[in-house]
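Working notes, structure below.
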Amino acid sequence: MVEPSVIELEGLSKTYAMGAVRVQALRGVDLQFKQGEYVSIMGPSGCGKSTLLNLLGCLDRPTSGKYLLGGYDLSQLDDDALSGIRGARLGFVFQSYNLIPQLTVIENIGIPLYYQGRGEEETLERAAALAARVALTDRLNHRPFELSGGQQQRVAIARALVNDPLVILADEPTGNLDSGSGQEILEIFDELNKQGKTFIIVTHDEHIAARTMRVICLRDGQVVSDVWN
Amino acid sequence: MSGTRLDFHVFAAPPPRVTYSYMKRTVRLGFRSLWMHRLRSLLTVLGIVFGVCSVIAMLAVGEGASHEAQEQIRRLGSNNIILKSIKPPDDEGTSSRRTYAIDYGLTYDDLNRIRATIPGVTVVVPGRIIRQYVWHISRRVDCDIVGTIPWYPEMRKLNLVQGRFFTIEEMDKISNVCVLCEPMAAELFPMDPPVGNTVRVGSAYYRVVGVVQAEAATATANPADAAEKGQETTAAAGASHRMYIPLSAAKHRFGETLVKRRSGSFEAEKVELHEAIVRVDKQEEVLDIAAIITEMLQRERKKKDFELVVPLELLRQAERTKQIFNVVLGSIAAISLLVGGIGIMNIMLATVTERTREIGIRRALGARRHDIIIQFLIETVILSCSGGLVGVLLGVAIPFAITRFANMVTIITPWSPFIAFSISALIGVMFGIYPAFRAANMDPVEALRHE
């Protein structure tokens, strides 16, 4: 029995018009990701990693090609529908944590549920449970600026998990952290992956790539290698 | 075949989620964001606060002033036409050289003619006014002594405060009785009751039989200063102290020729009647009859030595003045609120730019465009409404302070705080829309990259 793909990309292309010049950031990328995969995407800057991640995260729409998430074609959906999918089906972990400064830890974790119109009690309960999972129970009512970088990134992970996403997209998740905190974050990723979470991590770091099951290298908007560790 | 995790049903856009709980949380979030920048929010709101507060306060002062003016005019009697003698202006130069008295003003003949020829006219109240000092022991008041007839208070809608007005009998007997106006009585008799006491004018003594309320100033020929006068009621009343004596007594004691002494020169005037009040039966006829009287009197004279005051006309003019006043106030208020609104919009635009990253984060985490619009719109509305609320409180308090300390009548019309508040809320929505749409239309990728 073949396990269905969580994500399928068929000939995915993205062209930006920068003034008169047209930049082809992605030129026909074909990839499949299955549930439970732990993937890193590598490549030099300007190779199209970020563009690919933005497309995967429904933050942007492809110029051509198909993007199937869980078997559904998302390439033609409108802005509101894409927002709904981001909130309900995707988790994001950013390099600079991207927590909202005026909200407390528990409120930051609950944001995706807030935009799905879930009840307040349910949201807080679920947020508290996830804070416990990343060992931040004693920081629930702190503000982001009162936390260390590692702690902030753990809040971000809890936030990415709160909507039980199909896939977690991480953009240089350890880029702003010292090696100790970075290690901590990666261990959380490993553990979540063992529990069945799908991770796609964009990184420069060979060490991170080495931990993952599958390493995809991009160059000039095309996949140049796709290796299973 | 697909597992439960992939069997998802949320791919279509979820239903609108603007529920009560959602709004409650968004409002709370708005307060939180504004609280982060307390000083900025406070300064932003000041424009609206002052706008709203000045609208209410100015309306209250204007309303009070015009109410006062209209009240005064109404007290002159809207069915009345008041005739007054005035000295012909071009006589002034020659008069100082003449030795004989200047003869001018209304005469008894004039009144008889009016009474005989004009049908709608019922009562004619003649009056002579002599300016003299009135004494009580060592207290002195500069006042206008009005020689008049017993039904004067009815005509002028004056209420008796104490005692009575003099009677027809006293008029016939040429008794030395007098009625004082209220402020004058208070000045002459600070301790004892005025009724029953006497006052002295020159060498003659008059028994006080009553006290009436102060009369509205009649010199308001020009409607523009009718409104002004209203604001200085106490001052105006103080300036025109009046004492009423029977017309017959006035004629006997003071004669028809008045002598005014000034430094170095003296002037004599012969005036039969200083003032007369004509009451018209039907209010619609007041203006026509006033025109007829003017024409009738003018025909007999070489110079215009009389003046007509038509309270009804004054009232209409005062109403017109009030309308103009309201339009002016309204535009000032609109401008100040507009300025306040622009201030809010300016700050909200800056806030949106400053919070670009937050907008990107929210969009990435599932906020749709309208979620962002609502968030920023609510912040603007919170700003303008709290400004409006503070403005209303101040605007209601200030007229009280004005009444208390400046001794001016102010009237807060009940609708003005509501209108002012709703306008401030409306301004929040109006000036919040553009910044909110700008926030919502940011590209999430760009917004996330913003630093």
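Structure values in brief
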{"quantity": "Answer residue from the stretch A:189-211, given it is in a helix (DSSP H, G or I) and crowded, with 21+ Cβ neighbours inside 10 Å and is modelled with the highest pLDDT among those", "calculated": "A:Phe189"}
{"quantity": "Of all residues in the stretch B:162-217 being in a loop (DSSP other than H, G, I, E, B) and hydroxyl-bearing (Ser, Thr, Tyr), the one that is farthest from B:Ile245 (Cα to Cα)", "calculated": "B:Ser203"}
{"quantity": "Residue match in the stretch A:136-143 (condition: among the hydroxyl-bearing types (Ser, Thr, Tyr), closer than 22 Å to A:Leu103 by Cβ, free of Cβ contacts under 8 Å to residues at least 12 places away in the same chain and outside any loop (DSSP other than H, G, I, E, B))", "calculated": "yes"}
{"quantity": "Unmet requirement for B:Thr410, which otherwise passes all of (1) assigned to a helix (DSSP H, G or I); (2) closer than 11 Å to B:Ile56 by Cβ", "calculated": "(1)"}
{"quantity": "Among residues of the stretch A:76-91, those that are closer than 16 Å to B:Ile359 by Cα, in contact with a Lys or Arg (Cβ under 8 Å, 6 or more places away or on another chain) and either more than 7 Å from chain B (Cβ to nearest Cβ) or not acidic (Asp, Glu) (or both), counted", "calculated": "4"}
{"quantity": "Odd one out for A:Leu218, checked against (1) of a type outside the set (Asp, Glu); (2) outside any helix (DSSP H, G or I); (3) over 30 Å from A:Gln24 (Cβ atoms)", "calculated": "(3)"}
{"quantity": "Options B:Ile402, B:Ile419: the member that is out of contact with any helix residue (DSSP H, G or I) (no Cβ under 7 Å at 6 or more places or on another chain), in a helix (DSSP H, G or I) and surrounded by fewer than 19 Cβ atoms within 10 Å (Cβ to Cβ)", "calculated": "B:Ile419"}
{"quantity": "Number of positions in the stretch A:1-44 that are part of a loop (DSSP other than H, G, I, E, B) and within 14 Å of chain B (Cβ to nearest Cβ)", "calculated": "7"}
{"quantity": "Residues (within 41 Å of the chain's Cα centre (by Cα) and among the hydrophobic types (A, V, I, L, M, F, W, C)) located in the stretch B:350-380", "calculated": "B:Leu377, B:Ile378"}
{"quantity": "When residues of the stretch B:339-392 are limited to those that are of a type in the set (A, V, I, L, M) and without any contact (Cβ under 8 Å) to a residue 40 or more places away in the chain, the one farthest from the other protein chains (Cβ to nearest Cβ)", "calculated": "B:Leu389"}
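Residues checked against (1) within 14 Å of chain B (Cβ to nearest Cβ); (2) polar (S, T, N, Q):
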residue: A:Gly150; (1), (2): no, no
residue: A:Asp164; (1), (2): yes, no
residue: A:Ala170; (1), (2): yes, no
residue: A:Thr174; (1), (2): no, yes
residue: A:Ile188; (1), (2): no, no
residue: A:Glu191; (1), (2): no, no
residue: A:Ile200; (1), (2): no, no
residue: A:His204; (1), (2): no, no
residue: A:Cys217; (1), (2): no, no
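The rows are residues; the columns are (1) buried (at least 19 other Cβ atoms within 10 Å of the Cβ); (2) among the acidic types (Asp, Glu); (3) at negative phi; (4) in a helix (DSSP H, G or I).
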residue	(1), (2), (3), (4)
A:Leu59	yes, no, yes, no
A:Gly65	no, no, no, no
A:Leu68	no, no, yes, no
A:Asp80	no, yes, yes, yes
A:Gly84	yes, no, yes, yes
A:Gly87	yes, no, yes, yes
A:Phe92	yes, no, yes, no
A:Leu99	yes, no, yes, no
A:Ile106	yes, no, yes, yes
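The values are calculated or read from the model by the stated rules, or taken from the named source; none is laboratory data. If you're wondering where the values come from, they're calculated on a predicted model, not measured in any experiment. Quick reminder, even Gly has a Cβ in these numbers, built from the backbone with ideal geometry, and neighbours come from all protein chains shown.
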